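Coordinate-derived values only; no laboratory data. If you're wondering where the values come from, they're calculated on a predicted model, not measured in any experiment. With ideal geometry, Cβ positions are generated from the backbone for all residues, glycine too; neighbour counts draw on all protein chains shown.
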Amino acid sequence: MKKYIMEFVGALFLVLTYSMIGNPLAIGVMLAVLVYIGSHVSGSHYNPAVSLAMWLRGKLKIGEMLLYMLFQILGGFLAGVMYYMLSGKSYYPVPAPGINDWKIFSVELLFTAFFVFVFLTVFAAKKFKANGMHGLVVGFALLPIVFLGGTYNPAVSVGPALFDLAMGGTAIMGIAAYFFGPLVGGAFAYLFYRYIYSAEFKK
């Protein structure tokens, strides 16, 4: 149970950093810190796209993956509650004017794939030697892509949007691209990882 609680807490603080601060540097640093404190407990995913890729890699059972995702989204939900209590308004991703769902989906897919590939390399590649730098590598991988304005994490979009729905809002209707884009990106990251590190899969 501890690993699921760690995923819940990590997603909570990560989503709070997205919603209350929004600064890419702060988000990257927060993720780096969360990776260091949670990697030995849960693997420090805090992101359903990462959990999907780690399941595909064989590092999680399907039941564990689904519980990881559930607790990550619940952490995002509580972050939405706390943001509302502090600001009086709901948090959810809002696309820039003129950006349609296909563009959002494409950006979320592409850069989530990049981020998850970095995560897989650091945490799953047998030949990669992190030397205690894994938290910084993962945090710095997220930092530049957040400048583009995406979430690259379904917990960041779905969790707070579910709270908005509970409050009578309609944010949940507009986050499909923010949900499916990262998940597809996570799957592509695994396929690319499998190609690059094909030697690991040979019997």
- Max mean-square fluctuation residue, GNM over the chain, Cα-Cα springs under 10 Å, options Ser51, Ser157, Ser19: Ser19
- Mean projection area, nm², convex hull over Cα of the range 76-188: 8.0 nm²
- Relative to the compact globular guide of 2.2 N^0.38 Å, what is the alpha carbon radius of gyration of the chain, as a ratio? 0.97
- Query: Normalised by the number of residues in the range 2-201, what is the relative contact order in percent for Cα pairs under 8 Å and 6+ residues apart?
  - Reply: 32 percent
- In nm, to one decimal, how far is the Leu148 label point from the Ala176 one, both placed 7 Å along Cα→Cβ? 2.2 nm
